[in-house]
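We did not get these values from a lab; they are worked out from the coordinates using the rules stated. None of the values given here were measured: they were computed from a predicted structure. Here the Cβ positions follow ideal geometry from the backbone for every residue, glycine too, while neighbour counts run over all protein chains shown.
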């Protein structure tokens, strides 16, 4: 991982960050029928690599398929099976797992996505 001093940072040297998620972090009342969660990064990412990380077994959504990147190469989608009235928490990269990487191999800054589904 390359270290960049503040005065040297550019769009090219900055590590990728999550700029959008669906559902949004902190969202309440998410439809339990939602079939995917997604994160969009600040730059194009390497295809086929990701780290959707488990915070706890109880808070990780059930998955139905492997994750995939959309055509924009910035948005990664995780197919999920959600339950009503539950809080879900997923790390996008973590201290130990950092396979979300930009096209230059820089790992994305870890991001915690937490949301709650509504009761039926």
(request) Can you tell me what the convex hull of the Cα atoms of the chain projects to on average, as an area in nm²? (result) 7.5 nm²
(message) If the elastic network links every pair of Cα atoms under 10 Å, which of 82, 11, 55 fluctuates the most in the Gaussian network model of the chain?
(response) 11
(request) Let me have the relative contact order for region 1-102, percent, based on Cα pairs under 8 Å that are six or more residues apart. (result) 31 percent
(message) Report the gain in length on full extension from residue 97 to residue 34: 0.36 nm times residue separation, minus Cα-Cα distance, nm rounded to one decimal.
(response) 20.1 nm
(message) Cut-off 10 angstrom, C-alpha nodes, Gaussian network model of the chain. Which of 51, 64, 21 fluctuates the most?
(response) 64
(request) Specify the residue with the greatest mean-square fluctuation among 95, 24, 58, computed from a Gaussian network of the chain linking alpha-carbon atoms under 10 Å apart. (result) 95
(request) Distance between Cα centroids, region 91-108 to region 16-66: provide it in whole Å. (result) 14 Å
(message) If I take R0 = 30 Å and measure r between the Cβ atoms of residue 58 and residue 22 in this structure, what FRET efficiency does the formula 1/(1 + (r/R0)^6) give, to the nearest 0.05?
(response) 0.85
